[in-house]
Amino acid sequence: MSQVTPLLVAQVTDIHLFADAKQELLGLATLSSFQAVLAQLQALQPQPDLLLLTGDLSQDQTPESYKLLLSLVSPLGIPTYWLPGNHDCLPVMQQVLTEPPIFPHKAFDVGNWSFLLLNSGVPGYVHGFLSPASLDWLDWQLNLVGNRPTLVALHHPPFVVNSHWLDGSTLQNPEELFAVLDRHPQVKLVLCGHIHQEIERERRGVRYLTTPSTCIQFKPQSNKFSLDEVEPGFRLLKLYPDGRCETKVERVNYAFQPNFASTGY
């Protein structure tokens, strides 16, 4: 389609759903907080053109947790695309998350923009890494894109966040990613999740954005595992045909009392 008005994209990340709808993560019911996010998304006018789910969609990696996700997102009727995080099980995602309006594609165009979704997960590990095959695929896709403004998404941020316990689990080979992106000036945005907090960086004209979780939030710049008291959230982006982007994080009015004494999960 030819884009006249800006695309409205919603990024939702780090949902951590369980097969058991009543199960909690560190004292927070992840299903309930996600439902609050979905209700706020559904109330938006206009509705988003696109929904991006950027990893850690499940906490227990079960088919039932992904089927629950499908049942919750489908009523929105918004075209939805996903990528895995370190808590996800990619083979199960590939089996379940394939029914419209959820699509499994990792390279697609909407309006004047191209979208490329990367798998930075390493099975059995918390940190991220982009394989040579993934980097080659990214370079190949960007050559196909030409000069169309492009958004790249992956779960793990390619930078440290000044939080000692988190910095060991970000993307372990960021320079290899940067080497590819530096060859393609059409890349305007890189979206990430994983760190359960909002951060923005810029490098060589590319904006790098992380987004709060729909459940628990990690306290910024903490040396050890620590939860924050801010509400769950998601990100809205307005993508203009000329490559400009306006973005903000939306917080959800959701009462919660997680276990702030937790030392990890």
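The values are calculated or read from the model by the stated rules, or taken from the named source; none is laboratory data. Everything numeric here is computed off the predicted structure, so don't read it as measured data. Here the Cβ positions follow ideal geometry from the backbone for every residue, glycine too, while neighbour counts run over all protein chains shown. Just so you know, the surface numbers come from the protein's heavy atoms only, side chains and all, with ligands and any DNA or RNA stripped out. Shrake-Rupley method; radii C 1.70, N 1.55, O 1.52, S 1.80 Å.
The table below lists the values:
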quantity	calculated
Residue within segment 132-149 that is assigned to a strand (DSSP E or B), under 30 Å from Asp242 (Cα atoms) and either among the hydrophobic types (A, V, I, L, M, F, W, C) or at pLDDT 95 or above (or both) present	no
One residue from His194, His155 being at positive phi and either at pLDDT 95 or above or not in a helix (DSSP H, G or I) (or both)	His194
Count of residues meeting criterion [closer than 18 Å to Gly168 by Cβ and among the hydroxyl-bearing types (Ser, Thr, Tyr)] in segment 198-239	3
Within segment 217-231, considering residues that are assigned to a loop (DSSP other than H, G, I, E, B) and not polar (S, T, N, Q), the one farthest from the chain's Cα centre (by Cα)	Lys224
Options Tyr81, Tyr66: the member that is touching a residue at least 24 places away in the same chain (Cβ under 8 Å) and open to solvent by less than 10 Å² (accessible area, probe 1.4 Å)	Tyr66
Residue check, Thr214 under 17 Å from the mean Cα position of the chain (by Cα) and over 30 Å from Asp228 (Cβ atoms)	no
Which numbered condition Lys67 fails, given (1) farther than 14 Å from Asp14 by Cα; (2) charged (D, E, K, R); (3) within 17 Å of the chain's Cα centre (by Cα)	(3)
Any chance Phe108 is part of a strand (DSSP E or B) and either touching a residue at least 60 places away in the same chain (Cβ under 8 Å) or crowded, with 22+ Cβ neighbours inside 10 Å (or both)	no
Complete set of residues in segment 227-265 that are open to solvent by 30 Å² or more (accessible area, probe 1.4 Å) and of a type in the set (Ser, Thr, Tyr)	Tyr240, Thr247, Tyr254, Thr263, Tyr265
Residue check, Glu175 loosely packed, with under 14 Cβ neighbours inside 10 Å, over 15 Å from Arg235 (Cβ atoms) and at pLDDT 95 or above	yes
